1. Looking only at the stretch 176-200, which residues are open to solvent by less than 30 Å² (accessible area, probe 1.4 Å) and either charged (D, E, K, R) or within 30 Å of ARG87 (Cβ to Cβ) (or both)?
2. Scanning the stretch 128-138 for residues that are touching a helix residue (DSSP H, G or I) at 6+ places or on another chain (Cβ under 8 Å) and outside any helix (DSSP H, G or I), which turns out most open to solvent (accessible area, probe 1.4 Å)?
3. Scan the stretch 208-216 and tell me whether some residue there is within 19 Å of CYS101 (Cα to Cα) and open to solvent by less than 20 Å² (accessible area, probe 1.4 Å).
4. Just the residues that are small (Gly, Ala, Ser) and over 13 Å from the mean Cα position of the chain (by Cα), please, taken from the stretch 36-75.
5. Taking ALA102, is it open to solvent by 10 Å² or more (accessible area, probe 1.4 Å) and farther than 13 Å from SER145 by Cα?
6. Open to solvent by 40 Å² or more (accessible area, probe 1.4 Å), part of a helix (DSSP H, G or I) and touching a residue at least 12 places away in the same chain (Cβ under 8 Å): does that describe ALA124?
7. Which residue is modelled with the highest pLDDT, if the candidates are limited to the stretch 1-42 and must be in a loop (DSSP other than H, G, I, E, B), surrounded by fewer than 17 Cβ atoms within 10 Å (Cβ to Cβ) and touching a Phe, Trp or Tyr at 6+ places or on another chain (Cβ under 9 Å)?
8. If a residue has to be modelled with pLDDT under 90, open to solvent by 30 Å² or more (accessible area, probe 1.4 Å) and over 12 Å from VAL69 (Cβ atoms) to count, how many in the stretch 217-237 make the cut?
Amino acid sequence: MKDMMQDLVQDTLAIDPGIALVRLLQLASPALPIGAYSYSQGLEWAADAGTVRDAATAATWIGDLLDLVVAPGEAAVAWRLLNASERRDWREFARWNTWFCASRETAELRAETEQMGAALIKLATALEILDEETTEHLAQWPALSLPAAFALSARGYGIGSDAALIAYVWSWLEAQVAAAIKCVPLGQVAGQRLLKTLGERIPGVAVGARATLDDDVTSFAPGLALASARHECQYTRLFRS
């Protein structure tokens, strides 16, 4: 584990050691103004239905999503998008962005990734971190998913793919735990325990995502799809999805 983290730091610090790490932290920060706080990905419905009712059941719900949905799906796609943008392989980049948008199983899940992707690209443009080549290609992608926008932002910041993948999965986990704190509800200390425990799985998730073959990338998550669809017509709710 120590050697892996050292490799990630070296990968991230391909430019100035201090500023590159700061940029990685900024990109993964929950303060990033892209609307992540607005979404629970069906967790709010699970809490309303009583499936998630305390820290233990929240850990099971979020942990299962991390291992069974994010690892072979979203993280695997994010890895491909990060590599494609790093290589400037825009055809491959467009293919996986299209695949990910099409793989969202409900209108809410698709709107979430496209709205957050658009917000992140708007932010990256305002911060002037996208080079001219990337900016010219934006017109070819009318709908950018969040992992695609994250990949372009990481490239603009000079962050290596390995470190960026860890940051992407961490930001997903932090958003889910924040949603659990609000809608279960959980205390702040319980939320930090979840981050500590589930965060230990992230290096393994990243390894699995990098090892997943193209034909094995999957978005099969019927439980998540049902939770999202039922959340859409939930009588009262805090989150958009």
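1. Of all residues in the stretch 176-200, those open to solvent by less than 30 Å² (accessible area, probe 1.4 Å) come to 176-177, 179-180, 183-184, 186, 190-191, 194-195, 198-199.
Residue satisfying the conditions is GLY199 alone.
2. So the first thing to find is which residues in the stretch 128-138 are touching a helix residue (DSSP H, G or I) at 6+ places or on another chain (Cβ under 8 Å), and the list is 129-131, 134-135, 137-138.
When the remaining residues are screened for being outside any helix (DSSP H, G or I), the result is 129-131.
Details: ILE129: 26, LEU130: 29, ASP131: 57 Å².
Here the answer is ASP131.
3. Checked the stretch 208-216: at least one residue is within 19 Å of CYS101 (Cα to Cα) and open to solvent by less than 20 Å² (accessible area, probe 1.4 Å).
4. Residues of the stretch 36-75 small (Gly, Ala, Ser): 36, 38, 40, 42, 46-47, 49-50, 55-56, 58-59, 63, 71, 73, 75.
Once the filter is applied, which keeps residues that are small (Gly, Ala, Ser) and over 13 Å from the mean Cα position of the chain (by Cα), the stretch 36-75 yields SER38, GLY42, ALA46, ALA47, ALA49, GLY50, ALA55, ALA56, ALA58, ALA59, GLY63.
5. Values: open to solvent by 10 Å² or more (accessible area, probe 1.4 Å): yes; farther than 13 Å from SER145 by Cα: no.
For ALA102, the condition - open to solvent by 10 Å² or more (accessible area, probe 1.4 Å) and farther than 13 Å from SER145 by Cα - is not met.
6. Details: open to solvent by 40 Å² or more (accessible area, probe 1.4 Å): no; part of a helix (DSSP H, G or I): yes; touching a residue at least 12 places away in the same chain (Cβ under 8 Å): yes.
The answer is no for ALA124.
7. PRO30
8. Number satisfying all stated conditions: 5.
The values are calculated or read from the model by the stated rules, or taken from the named source; none is laboratory data. No experiment lies behind these values; they were computed from the predicted model shown. Glycine gets a Cβ as well: all are built from the backbone with ideal geometry, and neighbour counts include every protein chain shown. Note: areas computed on protein heavy atoms with side chains; ligands, DNA, RNA excluded. Shrake-Rupley method; radii C 1.70, N 1.55, O 1.52, S 1.80 Å.
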